[in-house]
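Each reported figure results from applying straightforward, stated rules to the coordinates on display, with no laboratory input. All of these numbers come straight from a predicted model, not from anything done at the bench. Heads up, the Cβs are rebuilt from the backbone with ideal geometry, glycines too, and the neighbour counts pull from every protein chain shown.
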Amino acid sequence: MPIAPAAPPVRAVLFDLGGVILSIDFGRALAAWAPHSRLAPERLQAAFRWDEPFLQHETGKLSNDGYFAHVRQALELDCDAATVEAGFNAILVAEIEETTHLVERLRKRVPCYAISNTNDAHMAEMRRAFPGLLPRFDRVFASHEMGHRKPQPAAFEHVLRAIGVPAGEVLLFDDLRPAVSYAGAAAAKSSKARCRSSTSRASSSGSACAARSSSAPAIAA
């Protein structure tokens, strides 16, 4: 029986932020905005969507002020921009301790990076509300700075170029299966993304997934 070649060691670990490192809850934003909206709760929920302005905000094509003005109009909010922003930032709930402890252990052995579909407002709020979170990583790759969102291949290609590590030697933890599937395919066309259950969960997320070619990861010393 042919012996499969040994998997290369993991030389970098890439963590998603929302749903893996930081729990998120979009319902908190709706609860904060509801007293200021002329819409009934069910219509308010339907009006808050990942629409084109949302995507533009997360790729740096729309400013905070521009996006909050859109939200105020779309959700028929009778409040100022600061109130809209406070509700938007309420989406960020708390650090997921199981995963942050994992980062602390891994960063002693291998570079750890973060990648996130996010925006300038949320990054500023993370620095304010969770001051020890982002410094855990060697570098944070934010969609609004890269100009690309996961699972777009350009987002991962941007990261790989920046860190100078081949895809097959990067382990990704993400709660978006399309992102994990792309990362697995990029590592080796013949391999499949592996998904394993995680105890770190956001309020509405599923299990976190890990993707890399071949079998269990070997962390480089």
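Assorted remarks:
- With neighbour counts taken as other beta-carbon atoms within 10 Å, the residues Leu92, Leu106 rank, fewest first, as Leu106, Leu92.
- Three-way shape label, region 112-171, alpha-carbon gyration tensor, a/c 1.5: oblate
- Overall shape of region 1-117 was characterised from the C-alpha gyration tensor. The equivalent ellipsoid obtained from it has semi-axes of 39, 16, 14 Å, in decreasing order.
- Order of Trp50, Trp33 - criterion: other Cβ atoms within 10 Å of each residue's Cβ, fewest first: Trp50, Trp33
- A cut-off of 5 Å between modelled amide H atoms, ignoring neighbours fewer than 5 places along the same chain, links Leu14 with Tyr113, Leu171, Leu172, Phe173.
- Positive minus negative residues near His148 (Lys, Arg vs Asp, Glu; Cβ under 13 Å): +1
- Proximal charge balance of Arg105 [Cβ under 12 Å; K/R count +1, D/E count -1]: +2
- Of the residues Leu134, Leu171, the one with the fewest other Cβ atoms within 10 Å heads the list, and the complete ranking is Leu134, Leu171.
- Fully extending the segment from Glu97 to Arg161, taken as 0.36 nm per residue of separation minus the present Cα-Cα distance, adds 20.1 nm.
- Inter-label distance for Arg139 and Glu42, nm, one decimal - labels placed 7 Å from Cα along Cα-to-Cβ: 4.9
- The value of relative contact order for region 26-89, using C-alpha pairs under 8 Å at least six residues apart, is 45 percent.
- Order by protection proxy (mean Cβ within 10 Å, highest first), peptides 158-170, 107-119: 107-119, 158-170
- For region 26-89, the fraction of alpha-carbon pairs in successive 5 Å shells from zero, as %: 4, 20, 32, 27, 14, 3, 0
- Less than 5 angstrom separates the built amide H of Arg107 from none of the residues sequence-distant by 5 or more or on a different chain.
- Local net charge near Arg72, Cβ-Cβ under 10 Å (Lys/Arg +1, Asp/Glu -1): -3
- Where trypsin sites (Lys or Arg not before Pro) fall in DSSP loop in region 1-60, at most 16 other Cβ within 10 Å: Arg38, Arg49
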